[in-house]
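The values are calculated or read from the model by the stated rules, or taken from the named source; none is laboratory data. From a predicted model like this one, the values you see are computed outputs, not experimental measurements. Cβ coordinates were reconstructed from backbone atoms using ideal geometry, including for glycine residues, and neighbour counts include every protein chain displayed. All accessible areas refer to the heavy atoms of the entire protein, side chains included, with ligands and DNA or RNA removed. Shrake-Rupley method; radii C 1.70, N 1.55, O 1.52, S 1.80 Å.
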Amino acid sequence: MKENYIEELKAGMEITDFFMVKSVAIRLGSNKKQYLDLTLADKTGEISAKKWDITEQEIQTLSEIKDGDLIKVKAQVTQWQGVNQLRINRIRKSAVSDGLMMEDYIKAAPERPEAMYKYIYSVAETMADEDLKKLCIKALTDNKEKLMYYPAASKNHHAEFAGLLYHIKRMLMAGLRLCEVYTILDKDLVAAGVILHDMEKLREIESNEYGMSPGYSTEGQLLGHIVQGVRELEKITAELDFPREKALMLEHMILSHHYEPEFGSPKRPMFPEAEVLHYLDILDARMFDMEEALKGVEPGAFSEKVWTLDGRRVYRSMYQAEE
């Protein structure tokens, strides 16, 4: 499989290939005919796919296709509103004889979950502040199983196997370096904020063991990980007999890390560590989106417009390619 297979598909191409099913549903079209609506994925990305005007005879077989299945499709690449999608002509579930390996179809963080977890845990373990150390170790230990595969989002940045760990790790690395520059910052408080700020995404987002998310839980849709995070932190700090002012500061960091009310934060950061947490979060998200946008882009060319980057196109320089 090409490194950037999905990104390199062009309208008009005919393909016959295997994909993983990220989501699947039988829907009723405006013409009152049923169609199969899928999101297909491999480790290079994902693409929407449709099988139009399915017959009653096809429905039973197609209904057996589930999220996480590997399937083979024969399709044509088309475009809808400027975005590639597949018009499926033939489709079947994979067989043992196809000899497929699941890991070849999973989009994953570029580092092993065990190594990322070990790094994050080591930062918590070396905290001088015993309260923050105990809290972070408890959060990491209690959530270890899910952290090993959970994405950081259903879509957009770090929506991949172990994406949440990757997001936390890179933010930690950057945050600890910033503490060397801005000595006003409490290093342990910054690190604790990073470790805890997105932990309730484990309850906000639904995901299978491959890090593939079909969407958000009921609680996640009604509350969101910011409210869930403040609520969970309130409970855990009470159990640990945690100093109240310190608990309030951590709660504020979670509450304010999206910065704007329209993005879920009812308060903006009100002390330095909270301010830094917000910018670490947005920096890592944008760097991830830029890295993804540049995959498959030739030196001297621009990417397609990236919605999460306010519609900007990202440029790959020629001189950097020569280095």
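Only residues that are small (Gly, Ala, Ser), more than 23 Å from Asp241 (Cβ to Cβ) and open to solvent by less than 20 Å² (accessible area, probe 1.4 Å) were counted in the stretch 108-142, giving 1.
Restricting to the stretch 1-53, count the residues that are outside any loop (DSSP other than H, G, I, E, B) and either modelled with pLDDT of 90 or more or not basic (Lys, Arg) (or both). The qualifying residues number 30.
Restricted to the stretch 37-72, and to residues there that are of a type in the set (Val, Ile, Thr) and in contact with a Leu (Cβ under 7 Å, 6 or more places away or on another chain), the residue that is farthest from Val21 (Cα to Cα) is Ile54.
Listed by position, the helices (runs of 4 or more DSSP H) enclosed by the stretch 71-158 that each have at least 2 residues that are among the hydrophobic types (A, V, I, L, M, F, W, C) and more than 30 Å from Glu304 (Cβ to Cβ) are 113-125, 130-142.
Do we have any residue at all in the stretch 54-67 that's part of a strand (DSSP E or B), of a type in the set (A, V, I, L, M, F, W, C) and open to solvent by less than 30 Å² (accessible area, probe 1.4 Å)? No, there is no match, as no residue in the stretch 54-67 is part of a strand (DSSP E or B), of a type in the set (A, V, I, L, M, F, W, C) and open to solvent by less than 30 Å² (accessible area, probe 1.4 Å). For the stretch 231-253, filtering for residues that are closer than 22 Å to Asp284 by Cα and free of Cβ contacts under 8 Å to residues at least 40 places away in the same chain leaves 2.
Taken residue by residue, the stretch 297-312 has no member that is within 23 Å of the chain's Cα centre (by Cα), at pLDDT 90 or above and of a type outside the set (D, E, K, R).
The helices (runs of 4 or more DSSP H) found wholly in the stretch 207-320 and carrying at least 2 residues that are out of contact with any strand residue (DSSP E or B) (no Cβ under 7 Å at 6 or more places or on another chain) and surrounded by 13 or more Cβ atoms within 10 Å (Cβ to Cβ) occupy 225-239, 244-256, 272-294.
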